[in-house]
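Please treat every number below as a calculation from the coordinates, not as lab data. Only a predicted model underlies this, so the values are computations on that prediction, with no experimental measurement involved. Note that we place each Cβ from the backbone using ideal geometry, even for glycine, and neighbour counts take in every protein chain shown.
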Amino acid sequence: MPDPSSSVVFLTGASSGIGAATAQLLVERGHKVYATARRLDRLQALRDNLPAGQQGRIHIATMDVTDVQAQSDAIADCVARFGQLDVVVPNAGLGIFANLAEADLQDWHTMVEVNINGVLTTVHTALPHLIAAKGLVIFIGSVASRNVFAFSGIYCATKHAVLAMGEAIRQDLKGKVASTTICPGAVDTDFIEQTRDTELLNQYRPNFKKGMRPSFIAEHVLLAIEHRGKGVISDITLRPDLA
Ligand code: NJP
């Protein structure tokens, strides 16, 4: 089992929101993070804002989760740099909200490509390393993993799939790889800005603005990693306080 106080973590979607907060917290607590996303300037800012003494524990790399070869190269590079891979956090994801009747087919395909296929690629590619390390996959699901909400049905379908993946690992890889699925409600990130329907955007944006801080979700990623050996948080739902 990996050392719960010093793990090597492969993270996607590290350029903003929950991913950036997770990278920052894990590095601060002594873990090594291979932080990926498409936007290099955001990744550089994330690294540069860390205290100089912590910057050696993060490696940033541009990567699109829909590019299978790029993920394979990145995971190989992570293992080559840090010597092992203990935890993956396939956090990259997006939701584009629209009424089904007016939705763009390409938006549905993008959500499936990133939220399902991107996550599957991370997990499948990392699996041999995770088995060797008796490692952990931490999925970022959603309250949409168990419920279906109006105007976001396809996003909900992708997050149902994420919850199923976590459960599949728990059952098929018992004793080999652990899995945690964190299911948040609204978090104050750039997430809602993917929605182009201005009426829906204006309706939803205030709820996300008063949502949880991304650092609160990051704290639960840390908890799942640092509690290895004591127990596994299989799945946990986090909601805004008194919302
Ligand atoms: O959103 P945001 P969150 N390849 O927009 C990356 C879930 N969630 O932090 O590539 C690689 O700040 C993108 O990076 P970039 C949600 O479903 C959220 O809230 O540079 N990366 C960025 O780093 C998602 O799974 C809420 O554009 C790609 C990141 O994804 C996770 O939380 C509620 C990519 C998105 O950061 C993080 O989202 C909930 C690609 N093709 C679940 N496409 C919430 N915020 O309320 C996107 O239940 N990214």
**14 Å beta-carbon shell around Gly93, net charge (K/R +1, D/E -1)** = -3
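Tell me the mean residue ellipticity at 222 nm calculated for the chain from its helices only (DSSP H runs of n ≥ 4, each -39500 (n - 2.57), averaged over every residue, nearest 500).
Helix contribution divided over all residues of the chain: -13500 deg cm²/dmol.
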**Complete:** Taking alpha-carbon centroids only, the stretch 194-234 lies from the stretch 25-67 a number of Å equal to 19 Å
**Item:** 26 Å tail of the calculated P(r), the stretch 8-236, as % of Cα pairs
**Value:** 32 percent
**Prompt:** So which lysines can Lys134 reach, going by Cα to Cα under 16 Å and dropping same-chain residues fewer than 8 places off?
**Reply:** Lys174, Lys176, Lys230
**Request:** With a ≥ b ≥ c taken as the square roots of the eigenvalues of the C-alpha gyration tensor of the stretch 34-87, please select rounded if a/c is under 1.5 and otherwise prolate if a/b is larger than b/c or oblate if it is not?
**Result:** oblate
